[in-house]
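One structure below.
The values are calculated or read from the model by the stated rules, or taken from the named source; none is laboratory data. The model shown is predicted, which means the values in this text are computed figures rather than measured ones. Neighbour counts run over all protein chains shown; Cβ positions are idealised from the backbone, glycine included.
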């Protein structure tokens, strides 16, 4: 037996005819699929699209929470001491602005009404005397001194009247009610009505019939949730990309996205988290958002056009992300480096050139052709 040099390995017929590179090829190489290796039925499912530069919106998401719009909240309190005589609404009722909520019986109110009527009467007398004095002085019947005295009395009476009038208005009485007082209609039983300062829902009721109340004591709370605030915190570098007035979305759990507008960015970063607090003003007329619930907020960062392809074109092969490119003789699977994803598009940083045809439908069929050919080759 003689020693001979070992022969170089001979490529098998199967290896010669595969037409597809092994899926274990390292990144940087491509897998090729000849057109005739794809079944006719599968070819009909394959569609491609040109890779091109386009404006790809980048979505920034963050957890948020719903809060009441403080301009839509009212805490109703009594402005004078008294006793609850009647309650017209209860917890959960919808009320309109100006609607009576409760009647409070108060001796203090009666005293103010009396002061008001006396002040109005004195003002009428002083006004009448002053007008008469001006006429007489014009005819040189009375002295200038008398005119000045009556003028002073008129100014004094007017000041007292206006002071008492403002007290009653600040208590919640309307101009119409004061007009009725001046023409003989008195408030029955020293009562005055607490009225709703805005339309909304009664979410707190802190009184019962016969209860004594002090001035300033909160009796009702009314909220209007047709508009709400949504707060979130963004990293500083993300917050710099946005400004007040930018459009965004609020996504409740299990609900559809709701359009929202960025209304506020805090000028100061949070001391603990080093994030920027932002607020969205949200139309909640349908009542989908509930104050104190957690939501997701999204902002769209409109950047410069970038090379992008449909996200459906991207697939995994041999644990590497890539796409299929249409060629004259078939399809090449190439590795790609991607950027941000949004709106069904993905940014391509490396691996695809503008104008190349990227397979967007039928990707699974091409993967099957590669794997089938690879198995046959083995």
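Here are a few things to note about the model shown:
- If you go through the range 299-314 and pick out every residue that is at pLDDT 90 or above and either farther than 25 Å from residue 347 by Cβ or assigned to a strand (DSSP E or B) (or both), you end up with 2.
One line per residue, one yes/no per condition, for (1) more than 15 Å from residue 66 (Cβ to Cβ); (2) under 12 Å from the mean Cα position of the chain (by Cα):
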site: 238; (1), (2): yes, no
site: 257; (1), (2): no, yes
site: 262; (1), (2): yes, yes
site: 272; (1), (2): yes, no
site: 280; (1), (2): no, yes
site: 287; (1), (2): no, no
site: 297; (1), (2): no, yes
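- Those strands (runs of 3 or more DSSP E) lying entirely in the range 1-119 with at least 2 residues at pLDDT below 80: 58-68
- Total residues in the range 226-253 satisfying the condition of being more than 26 Å from residue 201 (Cβ to Cβ) and not in a strand (DSSP E or B): the figure is 11.
- Restricting the range 305-342 to residues that are loosely packed, with under 14 Cβ neighbours inside 10 Å and free of Cβ contacts under 8 Å to residues at least 24 places away in the same chain, the residue that is nearest to residue 35 (Cα to Cα): 328
- You will find that of 299, 265, 289, 317, the residue that is within 30 Å of residue 45 (Cβ to Cβ) and touching a strand residue (DSSP E or B) at 6+ places or on another chain (Cβ under 8 Å) is 317 and no other.
- Hits in the range 133-145 - residues which are in a helix (DSSP H, G or I), surrounded by fewer than 17 Cβ atoms within 10 Å (Cβ to Cβ) and without any contact (Cβ under 8 Å) to a residue 12 or more places away in the chain: 135, 136, 138, 144, 145
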